[in-house]
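Let me begin by presenting the structure, written as structure tokens, before commenting on it.
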Amino acid sequence: VNVGDRVHVERAGDVIPHVTEVVESTSEGHVDFPDECPACGSPVEREGPLAFCSAGWGCPAQREQAIEYYTSREAMDIEGLGEERVTQLLAADLVNEPADLYKLTVADLADLEGWGERSAENLVDEIDATREPPLADFLTALGIPEVGPTTARALARAFGTFEAVRTAEERQLREVTDVGPNVAAAIRGFFDSAQNSDAIDRLLDHVDPQEATVAQPALLDGETFVFTGALDRFTRSEAQELVERHGGSATGSVSGNTDYLVVGEEPGQRKREDAAEHDVETLDESAFLDILADRGVPVE
């Protein structure tokens, strides 16, 4: 695919665009990747077709993305702090890294364009509510390469505390379900970065990740659930954690091995189509709660 080409794109999985063919080639040449990060000047590292800035949280562009991801729904779920507001806070020099979120005051925010005292108070309350997060949510929020919510929950169950995860050797990490050599190396590399480590230490001055709950009896052993859409009783990450804590599996995509697709509000079309194709039973939230009750899974 060259610069200027017209291509045919299809949706792959839930959101990933898949270029299926070049419809019209203009032969304007390929994109030349820089040797240095355009945001901070640090060396660019290559891994197969991918290019990375090597500075981690030392790069301002990566710090901005780290803050946005830290506050996102699948991480700390801080309502009212989306991309535009994060950009505004950065421009006002109020926030430079995730730790700075916990230093924000109502007065800081109320003076910004588009804010009022009520919205400022709401955001400060939202941020304060994340000072003692579940360990899995905190690990997710750090944006560790190769570690999404599912792997974060597995790490939390395996090690129990943040310090145990942070100091685990690669061989210990590889013993965790779904953590192979590449993922273990990525985790170890993230925590070994001096810049990342310093930023995490500053974050821990404000946040106390809670010890993970000890695994419960395998009441859902052998059963695989996929969730789509918004649930009322839980967040999706809470539902997935509940399933996994009781011996079941919670995956991100529907396959022939899936037992149930739990459908909430505004569900993804692709997962429902895959469930129909693989003859996977579809449940609403009420039916999911009934299954939990039948299996004896306690729901707080």
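The values are calculated or read from the model by the stated rules, or taken from the named source; none is laboratory data. Small disclaimer: the values here were computed from a predicted structure and weren't measured. Positions of Cβ are generated from backbone atoms using ideal geometry, with glycine treated the same way; all protein chains shown enter the neighbour counts. Just so you know, the surface numbers come from the protein's heavy atoms only, side chains and all, with ligands and any DNA or RNA stripped out. Shrake-Rupley method; radii C 1.70, N 1.55, O 1.52, S 1.80 Å.
Tell me the label-point distance for the pair Thr87, Ala276, using the 7 Å Cα-to-Cβ offset, in nm and rounded to one decimal.
3.8
Given a 1.4 angstrom probe, what's the average accessible area per residue across the stretch 74-132, in square angstrom? Intermediate results must be reported in sequence, preceding the final value.
On the way: 3240 Å² over 59 residues.
Counting only protein heavy atoms, the per-residue value for the stretch 74-132 is 55 Å².
Would you calculate, for the chain, the mean residue ellipticity at 222 nm contributed by helices, counting each DSSP H stretch of 4 or more residues as -39,500 (n - 2.57) and dividing by all residues, to the nearest 500?
One gets -11500 deg cm²/dmol as the mean residue ellipticity at 222 nm.
Run through the stretch 18-81 and list the trypsin sites (Lys or Arg not before Pro) located in a DSSP loop whose Cβ has at most 16 other Cβ atoms within 10 Å. Don't jump to the answer; show the numbers that get you there.
Working: sites: Arg46, Arg63, Arg73; in loops: Arg73.
Here the sparse-neighbourhood loop sites are Arg73.
Using the Kirkwood formula over every pair of different C-alpha atoms, what hydrodynamic radius in Å results for the stretch 181-290?
Here the Kirkwood hydrodynamic radius works out to 16.3 Å.
Here are some values of volume of the Cα convex hull per residue in Å³: (1) 170; (2) 156; (3) 132. Which one was computed from this structure?
Among (1) 170; (2) 156; (3) 132, the one derived from this structure is (1).
Taking K and R as +1 and D and E as -1, what net charge do the other residues with C-beta under 13 Å from the C-beta of Ala184 add up to?
The answer is -3.
How large is the direction-averaged shadow of the alpha-carbon convex hull of the stretch 132-216, in nm²?
On the way: hull surface 19.9 nm².
Its average projected convex-hull area is 5.0 nm².
Can you give the translational diffusion coefficient of the stretch 235-278 in µm²/s, computed by Stokes-Einstein from the Kirkwood radius over Cα pairs at 37 °C and 0.692 mPa s?
The diffusion coefficient I find is 292 µm²/s.
Considering only DSSP beta bridges where both residues belong to the chain, give the percentage that are antiparallel (nearest 5).
50
Explain nothing, just the number: dipole magnitude of the chain about its Cα centre with +1 on each Lys and Arg Cβ and -1 on each Asp and Glu Cβ, in debye rounded to the nearest 20.
So the magnitude is around 640 debye.
If we sort 188-201, 111-124 on the protection proxy, mean other Cβ atoms within 10 Å, highest first, what's the order? Provide the component values of the computation, followed by the final result.
Numbers: 188-201: 15.4, 111-124: 13.9.
Going from most to least packed, we get 188-201, 111-124.
Starting from one equal scatterer on each C-alpha and no solvent at all, send me the Debye-based log10 I(q)/I(0) for the stretch 225-300 at q = 0.13, 0.24 Å⁻¹, two decimals.
Result of the Debye calculation: -0.33, -1.17.
Could I get the Rg over Rh figure for the stretch 34-134? Both from C-alpha atoms, Rh via Kirkwood, rounded to two places. List each step's numbers first, then the result.
Values: Rg = 15.5 Å, Rh = 14.8 Å.
Using only Cα positions, Rg/Rh for the stretch 34-134 is 1.05.
Does anything in the stretch 140-163 have its amide N under 16 Å from the 7 Å Cα→Cβ label point of Glu266, and if so which residues?
Under 16 Å, as judged by backbone N against the label point of Glu266, lies no residue of the stretch 140-163.
Per residue, what volume in Å³ does the convex hull of the Cα atoms of the stretch 96-170 enclose?
118
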